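Here's the structure, in structure tokens; my notes come after.
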Amino acid sequence: MNSSVRFLSPAQAAARLGVSAKALRLYEQRGLVAPARNAAGWRSYGPGEMQRVTEIVALRALGLSLAQVARVLKGEAEDLEPILAAHQSVLEANVRQLAGTIERVRGLRANLERGQKPTVEELTRLRDSATELGIEFELPWPWGGELFKLREMRPLNYIVGPLGSGKTRLALRLAEVLPAAAFLGLERRVGDDGAAARLDADPALRSRVDQTLAWLVEDGATVSDALVALVAGLKAESPAILIVDMVEQGLDSATQQAMVAHLRRRMTDRRPLFLITRSCAFLDLAAVGAHEAIILCPANHSPPTWVAPYPGAPGYEAVATCLAAPEIRARTEGIVAWRPVRREGLKSAPVP
């Protein structure tokens with residue numbers, strides 16, 4: 001090993017490349033990269049290996065599976081046309097979004113010339129990837145008819161709150177008021193009357209689901225009925241907006257991490273998602289980007305609020321306390337809160 005060239009450990013290489021050490025091991029197992037070994041026998045990544053992993057990461061970001069990456073690295077190009085077509089659609093969508101932002105900037109400058117100063121909200125929205133809505137509706141119990149204005153939504157919208165805060169009731173209400181929206185509840189399943197039936201009846205959907213499952217497995221996920229049912233719901237061509245109850249249900253930690261990574265990569269699918277979650281694997285506050293938003297349902301049944309993903313922001317600590325590791329969430333799965341008896345003779349009812 002050339003002592004004049006710096007070699008990195010797997011942890012150092014993973015941190016520099018923005019991938020996990022597990023991903024590096026997987027790339028090695030697939031024969032995509034061959035790290036050197038130091039005198040003690042530990043893997044070491046030199047400039048050549050770092051360049052190769054950089055290429056792998058870039059190809060994965062374009063939507064290639066590891067099998068497709070291997071073929072491209074060998075110079076085979078038969079898989080590239082549909083991938084490049086999908087990437088082109090992403091770029092075109094970004095151009096349309098950028099054009100809209102430019103128009104907003106032009107409007108703010110015109111207002112400034114007329115002496116009208118922009119608000120802080122107008123300025124901060126210049127960096128948002130949100131779809132403007134302007135929908136106002138009455139909130140259900142436990143909010144007692146208070147109004148909630150949904151001014152925008154992003155590709156990924158998380159609904160968070162403690163037990164009994166009304167997360168599912170808010171989600172059901174959103175499914176009622178948002179155009180072409182649907183609610184994917186906890187009863188999702190794979191059986192003959194569930195996802196399996198839809199997959200049997202729709203070969204195109206089955207193909208999309210199989211491709212996504214292959215992606216997820218390569219990222220460390222474990223295929224299960226819960227995962228298949230979730231992916232089938234996510235990959236259906238309709239509705240236009242999907243709202244998912246407890247998206248982490250039935251998924252282990254590695255599968256949750258692979259799924260949220262996939263959702264963040266799904267740039268060709270511009271359908272907004274609302275995900276109810278209490279898992280810090282799905283909602284990693286340190287990883288929330290411009291395409292994501294957080295709605296908090298407070299424990300005291302104050303109206304839901306938008307929460308910025310940084311310490312010190314109003315509601316941030318409340319969101320953080322609602323989240324738990326997947327292992328803890330698995331132990332508490334199915335537990336519901338109970339609201340007090342409201343009138344004599346009436347039994348308490350579970351609150352989602």
Yes or no: region 331-339 includes at least one residue that is at pLDDT below 75, open to solvent by 70 Å² or more (accessible area, probe 1.4 Å) and in a helix (DSSP H, G or I).
yes
Quick one: in region 1-18, of everything that is closer than 17 Å to residue 48 by Cβ and modelled with pLDDT under 80, which residue is least open to solvent (accessible area, probe 1.4 Å)?
5
Looking at region 184-193, can you tell me whether even one residue there is modelled with pLDDT of 80 or more and either among the hydrophobic types (A, V, I, L, M, F, W, C) or closer than 25 Å to residue 302 by Cβ (or both)?
yes
Quick one: how many residues across region 144-189 are open to solvent by 20 Å² or more (accessible area, probe 1.4 Å), in a loop (DSSP other than H, G, I, E, B), under 27 Å from residue 225 (Cβ atoms) and not hydrophobic (A, V, I, L, M, F, W, C)?
4
Out of (1) touching a Phe, Trp or Tyr at 6+ places or on another chain (Cβ under 9 Å); (2) modelled with pLDDT under 90, what's the single condition that is false for residue 328?
(1)
Enumerate the helices (runs of 4 or more DSSP H) found wholly within region 35-127, keeping only those where 2 or more residues are open to solvent by 60 Å² or more (accessible area, probe 1.4 Å).
47-61, 80-113, 120-124
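The values are calculated or read from the model by the stated rules, or taken from the named source; none is laboratory data. As the structure is a prediction and not an experimental result, all values here were calculated from the model. In this analysis, Cβ positions are derived from the backbone assuming ideal geometry, glycine residues included, and neighbour counts consider all displayed protein chains. Surface areas here come from the heavy atoms of the whole protein model, side chains and all, with no ligands, DNA or RNA. Shrake-Rupley method; radii C 1.70, N 1.55, O 1.52, S 1.80 Å.
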